[in-house]
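Quick notes on the structure that follows.
What follows draws every value from the coordinates through simple rules; no lab data is involved. If you're wondering where the values come from, they're calculated on a predicted model, not measured in any experiment. Positions of Cβ are generated from backbone atoms using ideal geometry, with glycine treated the same way; all protein chains shown enter the neighbour counts.
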Amino acid sequence: MTFSFETVGRISSPYKEKFAIPRQPSLAPSVRSQVVLDKRFSLNSVQGLHEFSHIWLSFIFHQHLDTPMKEMIRPPRLGGNKKVGVFASRSTFRPNPLGLSVVELLDIKQAKGQVIIDVAGADLLDGTPIVDIKPYIAYVDAVKEADSGFASEAPKSVEVSFSEEVAQTLKKAKDGAYISTVIREVLSQDPRPAYQREEGREYGVKLFDYNVQWVVSNSGFLVTSVC
Ligand code: SAM
């Protein structure tokens with residue numbers, strides 16, 4: 001069966017490319033994003049939502065639309081070599097490119113005729129189309145006795161440090177403290193693909209309007225440039 005529906009808005013987030021976006025929400029809890037609803041929605045559509053501390057975002061993996069679905073995938077947390085069925089994963093390569101993330105609700109406001117919902121901890125690429133928003137209801141959504149199979153813990157995090165030059169740059173930057181917290185939280189998730197972990201290699205990612213470069217040091221990651 002085929003359905004067509006209209007997305008309800010888009011998210012703007014600091015993640016300007018897919019690389020280095022944490023694999024699940026709340027792994028970089030300080031990251032702030034904004035869901036901007038289409039103009040057809042007024043504040044009525046979110047009346048009462050502020051009573052909930054967290055909300056579900058369902059969205060489209062829009063950067064993958066031309067990638068065919070794979071029935072079996074290699075989850076990064078299994079080291080990239082063990083395969084599981086796509087329905088046993090949160091892979092982005094799905095029969096329908098639908099993502100689902102629970103995020104912290106920070107604020108709801110209106111600007112230029114559009115409802116803006118500030119959230120924290122989203123794992124969505126900048127510009128991701130939003131399909132639906134629902135309140136997170138802890139007594140049903142948080143299943144205390146649930147067993148999460150091969151994804152039962154958060155991935156191990158890596159120590160992140162900043163070169164003296166980068167520390168100075170961020171000290172002088174507007175929102176520098178927030179930006180360095182986000183860089184630290186995001187890189188600590190070790191975004192490197194499982195097959196690419198050689199020491200000394202340099203990596204780069206676009207976060208906010210910065211190009212963040214880092215190298216693998218013996219104690220973790222050293223951020224060498226933010227420009
Ligand atoms: N929490 C969601 C879920 O469970 O459906 C997403 C999990 S998926 C493993 C998270 C990854 O989706 C991120 O690391 C990022 O690489 C990718 N991603 C985020 N937004 C995307 C988009 N708009 N298009 C394609 N991939 C996206």
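This model, with +1 at the C-beta of Lys and Arg and -1 at the C-beta of Asp and Glu, gives the chain a dipole about its Cα centre of some 340 debye.
For the chain, the mean residue ellipticity at 222 nm estimated from helices alone is -3000 deg cm²/dmol, where every DSSP H run of n ≥ 4 contributes -39500 (n - 2.57) and the total is divided by all residues, rounded to the nearest 500.
Neighbours of Asp190, meaning other residues whose beta-carbon lies under 9 angstrom from its beta-carbon, give a summed charge of +3 when Lys and Arg score +1 and Asp and Glu score -1. For a modelled paramagnetic label at Ser53, 7 Å from Cα along Cα-to-Cβ, the residues of region 97-127 in reach, with backbone nitrogen under 18 Å, are 102-108, 118-122. Exceedance of the 28 Å cut-off in Cα-Cα distance is limited, within the set Lys70/Lys109; Lys39/Lys134; Lys39/Lys172; Lys171/Lys206; Lys16/Lys112, to Lys70/Lys109; Lys39/Lys172. Would you work out which of Ile130, Val140, Trp214 lies farthest towards the positive end of the dipole of region 70-225? Charges go on Cβ: Lys and Arg +1, Asp and Glu -1. Of the listed residues, the answer is Ile130.
In the chain, a dipole from Cβ-located charges (positive for Lys and Arg, negative for Asp and Glu) runs towards its positive end, and of Pro29, Thr181, Leu100 it is Leu100 whose Cα lies farthest in that direction. Net charge dipole, region 160-226: roughly 140 debye, given to the nearest 20, about the Cα centre with Cβ charges of +1 for Lys and Arg and -1 for Asp and Glu.
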